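*Asks:* I have a structure here, written as structure tokens, and I will follow up with some questions on it.
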Amino acid sequence: MIAPIPTKKNPPSEIRVRVLRQNGPGEEPYWELFDVGYEREMNVISVLQKIAAKGKNVDGKKVAPVAWDCGCLEEVCGSCTMVINGQVRQSCSALVDRLLADEPDEIVLEPMSKFPVIRDLMVDRQRLFRALQRVKAWVPVDSYYNLGPGERQSTKEQERAYPLSQCMSCGCCLEACPQYNKIELTRNEGETDEQFEARKLAAFDEAFVGAHAISQAMLFNHNPTGKAIAGERLDALMGPGGVSACGNAQNCVAVCPKEIPLTTSIARAGRATTFAAIKKWFET
Amino acid sequence: MAQQRVVVVGGGLAGLAATMKLAELGAQVDLISLTPVKRSHSVCAQGGINSCNDQTRQLGDNEWKHFDDTVYGGDFLNHQPPVKEMAFWAPKVIDLMDRLGVPFNRTGEGFIDRRRFGGTLYKRTAFAGATTGQQLLYALDEQVRRREAEGLVRKFEFWDFLGPIQDETGRCRGVVAQDMVSMKIEAFPADAVIVATGGCGLLFGKSTMSVFCTGSAASRCFQAGARYANCEFIQVHPTAIPGADKLRLMSESARGEGGRVWVPRTPHDSRAPKDIPAGDRFYFLEERYPKYGNLVPRDIATREIFDICVNEGLSVDSDRMCVYLDLTHIPKAELDRKLGGILEIYEKFQGVDPRFEPMKIFPAVHYSMAGLWADYAKSGDGGLLPGSPRNQMTSIEGLYAIGECDYHYHGANRLGANSLLSCIFSGLFVGPSIINYIANQQGGYAEVPSSLTEAAVKTQQERHDKLLKTSTGDENPYLIHQEMGDLMTRAATVVRRNKQLEEAIGHIDELHERAMRVSLSDGGHWTNQNVIFAKSVQDMFPLAKSLLHGALLRDECRGAHYKPDFEKPSLTSEEPVERRRQAEVWCDEFEANNRKFLKSTIATWDTNSNQPQMSYEDVDTSLIPPRPRLYGLVGAEAIEEVWNERAKAKADSQQTATSTH
């Protein structure tokens, strides 16, 4: 249960916001301060909206609005992840009154550090989605024609699958993971778009796949039809950057906004890959 | 046959369903979306997806009744052939989503569990917790990722659709889109184009919709010549959580699982809700609508909540309008299992646990029944002709619209849990139609003349550059958007009055002119969100204007469009003969009104005057004759009696006519 939002007796008239900005990839990051008029029931999204509408920093200088990504504003789309007062989370569910109760002086906003910055608080999470391809996170159905219902499933099975299926690819688990390191490549001279893209994907595919993707692999390995390619998913998790790259820091599960049992998935994946490896060893 | 290429704009349920189906049929798909498709607004759908099912069938339900509920709930403005087809496909759609791995809630025996939604008496709604939209979207996203891995789909995420490319005959030959990171503008030649870009909640400033639901993509098609239909029909959802940045949806499933709406009988009763005894609580929906109770259709629930706060002064809080939505009588374990997702939203954003304290909610703009006009070919049995190239095609040849941005499925009011169905259905159904359309065309995507694509890119580049260069402008796009939202919310949501609409039309014209003079605070060429937003604000105006004009012209009450000055009164007499006479008059007026207004509103955009041109078109009501929607009306029985007699007489005379021929 969540404690009620502290209602401040004397709310400030202005909130000080410190933003780590960056004009583009490869450019030097810099801090910029903003003052925003306080209102009841604000979140970090409405703070950033006000900054955009105002278009001026704390010195009254006209500046470009802070770039950031957002979508649903109710913590189901995963867009608006950033580091707020040192913690990775969604900015929509970061309520200003709570932030001020913990830290009355200012709100500090930074982009996630594990992904290349596109601009300001916006980062490129392509690698996160690529990992879902890497572990074949889908049910390999025959076709999209009408072939009747899927298999009957017990309530227990549904209740095991549903929490894993709520993963919104927000990236919190990756930001918190000591084993997940930023990959930021720049285009070589004379390299075409396609060549650069291929080199980038190859780099992604060798690095740690991440807790979110391991968990998705387990979700589909336990689906009645999804398990048809369970072996292929385990192969992906046995390779370099697979489940063995996990250092068991358990930060992922602590920061997951959907409270997905990520470490349980990782443990399961660890066991399954070990069995698969032994089995392979006997077969060869 | 040459390789076919289709551009799909929008990666929500409809766009993804179409993409995966087209990929299966062998077409190459370029999928363009302004957000990673997994983050599309469909994730916000909570409650579920409707179909008749084995259990309801044994209680007398069937596809036809689902069809009937949908058109009755939509006040007969729905086009019936597509709705019929959709209702008959519904069980198959749910079977498919089940096979794709959607974790639908299960019964003890392992069957898909169902709950009841508004506007029906059957438990038709399949659900995955209270995040059904998210779960359905993820299943489709996974299939599209699979096709992407196979090389059949190319995704262009963080790309903004700027407009269709049309050749000299008007046929759509591709699209122009802009990379929102590098800002480069490019042409995507195609054999056919689908827009699946959802609704336009941002016309109202704050709504339950995601920040990118501006309607600008539909507007860009509209401005390019596509017709826009039923513009004035916007659904205001009865239950949302008021917020500073957004009005967050509180799903109808809360009422489907037994949630009760009430207010204290004493205005602003200061007691805690749990201390207010039953006798002092006003369960106004249950009292006024004994048959449907808390599950009346959305337009009715919305008006009642609005009325109880605005006209009766019974809002729970004195400083803002809200009513209680109460789940506290339901065991916590059951709530967690069936509604966990939405209860967490309330908890996270309001800091109150709705399992123990009633939620405070108020209506919010939620869904656009309006959309791009789209065609269909009717089959012999009254449904749709599968594979006809006409299905879902807009008035621009080769340009298709599906999902929330088409117009024909939900009429004047959408029933809960029907939108996920119409999105997936239209997405799947359009696939073969497009393949057949392409097969009959001369000149494929590879033969689109470069002069055509270059000219289209140039037009968009000029618009973009002009916006960046305008330093003389004095208007702030964010503030213009706020003003527009306030204006639209005041004039065109729950209650509409002609005087207010006329004023709003004058005001919106002025705002539109100001929006064309915006000055940007960012003149840069890298990830410039400022200019993208400014363009979408400008493009919201054609839809806002059409909405206001459509609302002004429609002097009646139909579904979500409610004008109290034209409301048909309840029967007043208790005396049987007089009551019967009143019912006759009521039915006469109803029929006269239908002759005038049971029509689709059609808007076309006039670029010279910057105004919509309005006209009307007949609605296909050939399968289920329109009848009065009588939820909760005094004298409903008398009216129904007269109506049934007339309907029977009509049917008999038709039969006699056919048998004598």
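The values are calculated or read from the model by the stated rules, or taken from the named source; none is laboratory data. Computed from a prediction, not measured in an experiment: that's the story for all the values here. Here the Cβ is made from the backbone with ideal geometry for all residues, glycine too, and neighbour counts use every protein chain on show.
*Asks:* Quick one: in the stretch B:202-243, which of the residues that are outside any helix (DSSP H, G or I) and among the charged types (D, E, K, R) is farthest from the other protein chains (Cβ to nearest Cβ)?
*Replies:* So the residue we want is B:ARG227.
*Asks:* Then there's this: Using the structure shown, decide if B:ARG106 is at pLDDT below 95, among the basic types (Lys, Arg) and surrounded by fewer than 23 Cβ atoms within 10 Å (Cβ to Cβ).
*Replies:* Spelling it out, it is not the case that B:ARG106 is at pLDDT below 95, among the basic types (Lys, Arg) and surrounded by fewer than 23 Cβ atoms within 10 Å (Cβ to Cβ).
*Asks:* Another question about this same structure. Taking the stated definitions as given, is B:ARG303 away from chain A (no Cβ under 14 Å) and out of contact with any Ser or Thr (no Cβ under 8 Å at 6 or more places or on another chain)?
*Replies:* Yes, satisfied.
*Asks:* So which of A:SER215, A:SER154 is out of contact with any helix residue (DSSP H, G or I) (no Cβ under 9 Å at 6 or more places or on another chain), polar (S, T, N, Q) and within 14 Å of chain B (Cβ to nearest Cβ)?
*Replies:* So the residue among A:SER215, A:SER154 that is out of contact with any helix residue (DSSP H, G or I) (no Cβ under 9 Å at 6 or more places or on another chain), polar (S, T, N, Q) and within 14 Å of chain B (Cβ to nearest Cβ) is A:SER154.
*Asks:* When B:ALA651 is evaluated against the numbered criteria (1) among the small types (Gly, Ala, Ser); (2) more than 24 Å from B:PHE67 (Cβ to Cβ); (3) not in a strand (DSSP E or B), which criterion, by number, is the only one it fails?
*Replies:* Looking at each condition in turn, B:ALA651 falls short on (2).
*Asks:* When you check B:ARG57 against the structure, is it among the basic types (Lys, Arg), closer than 26 Å to B:LEU399 by Cα and surrounded by fewer than 24 Cβ atoms within 10 Å (Cβ to Cβ), yes or no?
*Replies:* Considered against the rule, which asks whether it is among the basic types (Lys, Arg), closer than 26 Å to B:LEU399 by Cα and surrounded by fewer than 24 Cβ atoms within 10 Å (Cβ to Cβ), B:ARG57 comes out as no.
*Asks:* Considering only the stretch B:292-342, how many residues are touching a residue at least 24 places away in the same chain (Cβ under 8 Å) and part of a loop (DSSP other than H, G, I, E, B)?
*Replies:* Residues flagged as touching a residue at least 24 places away in the same chain (Cβ under 8 Å) and part of a loop (DSSP other than H, G, I, E, B) within the stretch B:292-342 amount to 16.
*Asks:* Have a look at B:LEU543, B:LEU501 and point out the one that is surrounded by 15 or more Cβ atoms within 10 Å (Cβ to Cβ), at pLDDT 95 or above and either within 14 Å of chain A (Cβ to nearest Cβ) or touching a strand residue (DSSP E or B) at 6+ places or on another chain (Cβ under 9 Å) (or both).
*Replies:* Result of the check over B:LEU543, B:LEU501: B:LEU543.
*Asks:* For the stretch B:8-30, give me the residue count where each residue is under 26 Å from the mean Cα position of the chain (by Cα), within 13 Å of another protein chain (Cβ to nearest Cβ) and assigned to a helix (DSSP H, G or I).
*Replies:* Total meeting the criteria: 7.
*Asks:* Right, next: Taking the criterion of being more than 10 Å from chain B (Cβ to nearest Cβ), crowded, with 21+ Cβ neighbours inside 10 Å, in a helix (DSSP H, G or I) and out of contact with any Ser or Thr (no Cβ under 9 Å at 6 or more places or on another chain), would at least one residue in the stretch A:114-135 satisfy it?
*Replies:* Yes.
*Asks:* Any idea how many residues of the stretch B:244-268 are assigned to a strand (DSSP E or B) and surrounded by fewer than 20 Cβ atoms within 10 Å (Cβ to Cβ)?
*Replies:* 1
*Asks:* Can you name the number of the only condition in (1) within 23 Å of B:GLY341 (Cα to Cα); (2) part of a strand (DSSP E or B); (3) not acidic (Asp, Glu) that B:VAL193 fails?
*Replies:* Every condition holds for B:VAL193 apart from (1).
*Asks:* Would you mind telling me which numbered condition in (1) modelled with pLDDT under 95; (2) closer than 27 Å to B:GLN134 by Cβ; (3) among the polar types (S, T, N, Q) B:GLN442 fails?
*Replies:* The single condition B:GLN442 does not satisfy is (2).
*Asks:* Would a scan of the stretch B:359-382 turn up a residue that is within 14 Å of another protein chain (Cβ to nearest Cβ), in contact with a strand residue (DSSP E or B) (Cβ under 8 Å, 6 or more places away or on another chain) and over 13 Å from B:VAL261 (Cα atoms)?
*Replies:* Yes; the residues of the stretch B:359-382 include at least one that is within 14 Å of another protein chain (Cβ to nearest Cβ), in contact with a strand residue (DSSP E or B) (Cβ under 8 Å, 6 or more places away or on another chain) and over 13 Å from B:VAL261 (Cα atoms).
*Asks:* Residue check, A:CYS172 against (1) crowded, with 23+ Cβ neighbours inside 10 Å; (2) within 7 Å of another protein chain (Cβ to nearest Cβ); (3) within 30 Å of A:GLY86 (Cα to Cα), all met but one. Which one?
*Replies:* Every listed condition holds for A:CYS172 apart from (2).
*Asks:* Let me ask something additional. Within the stretch A:22-56, track down each residue that is within 11 Å of chain B (Cβ to nearest Cβ), of a type outside the set (Gly, Ala, Ser) and under 14 Å from A:LEU109 (Cβ atoms).
*Replies:* Hits for the stretch A:22-56 are A:GLN22, A:MET42, A:ASN43, A:VAL44, A:ILE45, A:VAL47, A:LEU48, A:GLN49, A:LYS50, A:ILE51.
*Asks:* Evaluate the following for B:ASP98: is it within 9 Å of chain A (Cβ to nearest Cβ), in a helix (DSSP H, G or I) and farther than 30 Å from B:VAL531 by Cβ?
*Replies:* Considered against the rule, which asks whether it is within 9 Å of chain A (Cβ to nearest Cβ), in a helix (DSSP H, G or I) and farther than 30 Å from B:VAL531 by Cβ, B:ASP98 comes out as yes.
Conditions tested, residue by residue: (1) in contact with a Gly (Cβ under 7 Å, 6 or more places away or on another chain); (2) crowded, with 23+ Cβ neighbours inside 10 Å; (3) touching a residue at least 12 places away in the same chain (Cβ under 8 Å); (4) away from chain A (no Cβ under 14 Å).
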| position | (1), (2), (3), (4) |
| --- | --- |
| B:ALA149 | no, no, no, no |
| B:VAL153 | no, yes, yes, no |
| B:GLU157 | no, no, yes, no |
| B:LEU162 | no, yes, yes, yes |
| B:ILE165 | yes, yes, yes, yes |
| B:GLU168 | no, no, no, yes |
| B:GLN178 | no, yes, yes, yes |
| B:ALA192 | yes, yes, yes, yes |
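*Asks:* Return the only residue of A:ARG199, A:ARG233 being within 14 Å of chain B (Cβ to nearest Cβ), modelled with pLDDT of 95 or more and assigned to a helix (DSSP H, G or I).
*Replies:* The match here is A:ARG233.
*Asks:* Could you check the stretch B:463-485 and list, in sequence order, the residues that are touching a residue at least 60 places away in the same chain (Cβ under 8 Å), away from chain A (no Cβ under 14 Å) and surrounded by fewer than 17 Cβ atoms within 10 Å (Cβ to Cβ)?
*Replies:* Hit for the stretch B:463-485 is B:ARG463, nothing else.
*Asks:* Checking B:GLU404 against (1) part of a helix (DSSP H, G or I); (2) farther than 30 Å from B:SER207 by Cα; (3) charged (D, E, K, R), only one condition comes out false. Which one?
*Replies:* (2)
*Asks:* Looking at A:LEU201, is it in contact (Cβ under 8 Å) with a residue 40 or more places away in the chain, more than 24 Å from A:THR81 (Cα to Cα) and of a type in the set (A, V, I, L, M, F, W, C)?
*Replies:* No.
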